[in-house]
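These notes concern the structure reproduced below.
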Amino acid sequence: MNYNFFTKNKKHTPQNQPIPGREKEMIKGRSGGYMFDAGNWKMLRRCLLIGTAKSTYYAGKQELTEEFVEVVKKAVAENPGKVAAEILYASDGRAINNSAPILALVLLSMGENPEAKTAFMEIFPQVVRTGSHFYEWLNYTKSLRGFGKVIREAGKTWLSRENVKDLAYQLLKYQQRQGFTNRDALRLFHVKPPTENHDQLFAWVVNGWNELPTEIPSEALAQIWWYEWLKRNPNQTHTAISQGRLTHEMAAPVGKMDKQAWNLLFQEMPIGAMLRNLGSLTEIGVLRADEKANLERVKAVLNNQKHLRKGRIHPIDVLKALKTYKSGGRLGRSKKTWQPVSRIVDILEKAVELSFEVVEPTDKVFMHAVDISGSMGSLVADMGLSCCEIATTMALATAKAETNYAIRGFSTEFIDLKITAKDSFSSAVRKASNRNFGGTDASVAYDWMIQNKFKADVVCFWTDSESWAGRKHPSQALKEYREKVSPHVKAVYITLAPYRITLVDPEDPRSWDLAGFDPSIPRVIQMLATDGL
């Protein structure tokens, strides 16, 4: 009998203990493991990009959101301009939806110093872009702070914008949301119409049109005129859609919708609405395998990177649309059912890939380690997708941009997921799903690469960062891997949950922590792979 078990491996520390000498830099995660403290600013970006409105495996949405609010308040007190920049960054198509940036915008307006109020006013129109955003902002504002001077100024400015045609479009499309109506908003902010067109628009909002004007009052009010005309002539839906260029939100509540009406709407349908309505359009027969022209339009819209970016279409939105469409109506809130058209599935697969930002192949060797532990099976926000499904999609999108890579899954083992760049996103998600069980030990990826002498240039971890089950910390395993196999390897940890923890050693200049769900992550990883560090 001897004490080798105690005296050996002193350079390793079980993950349920802090690394000796680094205790002040580490915090205990909800899983019981110790990880490095990510700090307020990394936490802020994660919350903005990922959101906290859905419970995770380890925490409820109330707890997560309370932490989010506290982080925003501290960040606003420290540097309101930087908070504004983070809100803008997330709101510009990078967050899974705009709700977290809007909540943070309200909290920014509550900052005590003048710089916070100024920053709020500067970014307000760039974050609150639609009527839906506007009423969500009103709802949060009413609940959290009330309508003081800065709020009234922002609301009044939004409602009296110079582009009356755009304002009319928003007020017609979103006539009420979040417990507010357009009439409520005008009365709340005491908006005085700056032009005759504004005056006519506001009169319609407050009183409606008892009698339809014999002529369209102005180009700015043309859609409103056709909407009112359709209310009086519901059997003339096709004419109102084609001549008035009404959207489905405008026409459907007052017109008589049939296949031809939906086909007319489809010809002008914006990219976001198209994604949301693919199932309905298939169910009614607008999209069929033999409707070549309509399928070509779907391809022209969804397989165009410029359209995807201009429409702020997030890759996860496309992945959700793909999963929902392939289900034929078995997933999501729709009560409709349809037989999926195979070509639309192919178009959506390509759209997922195009919605991520990548550059030319770097010729580097990548190891993608996807967390497949039990905690990764939890759903993300209202996406109907698990962390594991999203992680697999992002890893595959990155791998498809490169030629030298491997994709494996880790829990307490490091297994081959048998995913290659030839996989569709659907098949890759299927291979990684239904494996979400067991503990989490990110260090096993390095152990496997040491044992198999796999020489990677970049190791990418797609994880919620709750690593707790190992006999050594991932940062210790990385150091060992550098000593034994790949001295200059870079490590990138993409965190897919809004927690305040990170697996990145802050003293390691060749390790990075990125916030998950950002479409630019594959491009950022490629840039990190080729920089001079």
Would a scan of region 460-478 turn up a residue that is open to solvent by 30 Å² or more (accessible area, probe 1.4 Å), over 22 Å from residue 18 (Cβ atoms), touching a helix residue (DSSP H, G or I) at 6+ places or on another chain (Cβ under 9 Å) and at pLDDT 95 or above? no
Helices (runs of 4 or more DSSP H) wholly inside region 152-212 that include at least 3 residues being modelled with pLDDT of 95 or more, among the charged types (D, E, K, R) and closer than 22 Å to residue 222 by Cβ: 164-173
Return the pairs, sorted by first residue and then second, in which the second residue is open to solvent by 60 Å² or more (accessible area, probe 1.4 Å) and part of a helix (DSSP H, G or I), the first residue lies in region 61-79 and is more than 22 Å from residue 379 (Cβ to Cβ) and in contact (Cβ under 8 Å) with a residue 24 or more places away in the chain, the beta carbons are less than 8 Å apart, and the residues are 6+ apart or on different chains. 75/82
Condition met for residue 49 (under 18 Å from residue 518 (Cβ atoms), open to solvent by 30 Å² or more (accessible area, probe 1.4 Å) and in a helix (DSSP H, G or I)): no
Regarding residue 83, is this residue of a type in the set (A, V, I, L, M, F, W, C), in contact (Cβ under 8 Å) with a residue 12 or more places away in the chain and crowded, with 19+ Cβ neighbours inside 10 Å? yes
It is to be established whether one or more residues within region 100-120 are closer than 30 Å to residue 224 by Cβ, touching a helix residue (DSSP H, G or I) at 6+ places or on another chain (Cβ under 8 Å) and either basic (Lys, Arg) or open to solvent by 40 Å² or more (accessible area, probe 1.4 Å) (or both). no
Which residues, counting only those in region 448-457, are buried (at least 19 other Cβ atoms within 10 Å of the Cβ) and out of contact with any strand residue (DSSP E or B) (no Cβ under 6 Å at 6 or more places or on another chain)? 449
Any chance residue 178 is in contact (Cβ under 8 Å) with a residue 40 or more places away in the chain, surrounded by fewer than 19 Cβ atoms within 10 Å (Cβ to Cβ) and touching a Leu at 6+ places or on another chain (Cβ under 9 Å): yes
Restricting the search to region 312-349, which residues are among the small types (Gly, Ala, Ser) and in contact with a Leu (Cβ under 9 Å, 6 or more places away or on another chain)? 321
Here the qualifying pairs (Cβ atoms under 8 Å; residues six or more apart or on different chains; first in region 414-430 and acidic (Asp, Glu); second open to solvent by 20 Å² or more (accessible area, probe 1.4 Å) and at pLDDT 95 or above) come out as 416/408
Of the residues in region 245-270, those that are surrounded by fewer than 19 Cβ atoms within 10 Å (Cβ to Cβ) and under 19 Å from residue 343 (Cβ atoms) come to 263, 267
Selected residue (only one of 386, 427, 373 is over 27 Å from residue 309 (Cα atoms) and out of contact with any Phe, Trp or Tyr (no Cβ under 6 Å at 6 or more places or on another chain)): 373
Can you tell me which condition residue 363 does not meet? The list is (1) of a type outside the set (Gly, Ala, Ser); (2) outside any loop (DSSP other than H, G, I, E, B); (3) over 27 Å from residue 64 (Cα atoms), and all the others hold. (2)
Anything in region 295-311 that is surrounded by 12 or more Cβ atoms within 10 Å (Cβ to Cβ), among the basic types (Lys, Arg) and within 15 Å of residue 357 (Cα to Cα)? List them, or say none. 309, 310
Go through region 86-99 and give me each residue that's hydrophobic (A, V, I, L, M, F, W, C), out of contact with any His (no Cβ under 9 Å at 6 or more places or on another chain) and open to solvent by less than 40 Å² (accessible area, probe 1.4 Å). 87, 90
I'd like the residue in region 399-425 that is open to solvent by 20 Å² or more (accessible area, probe 1.4 Å) and among the hydroxyl-bearing types (Ser, Thr, Tyr) and, out of all such residues, is nearest to the chain's Cα centre (by Cα). 424
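The values are calculated or read from the model by the stated rules, or taken from the named source; none is laboratory data. Computed from a predicted structure; not experimentally measured. Cβ atoms come from the backbone with ideal geometry, glycine included; neighbour counts cover every protein chain shown. These area figures cover heavy atoms from the full protein model, side chains too; ligands, DNA and RNA do not enter into them. Shrake-Rupley method; radii C 1.70, N 1.55, O 1.52, S 1.80 Å.
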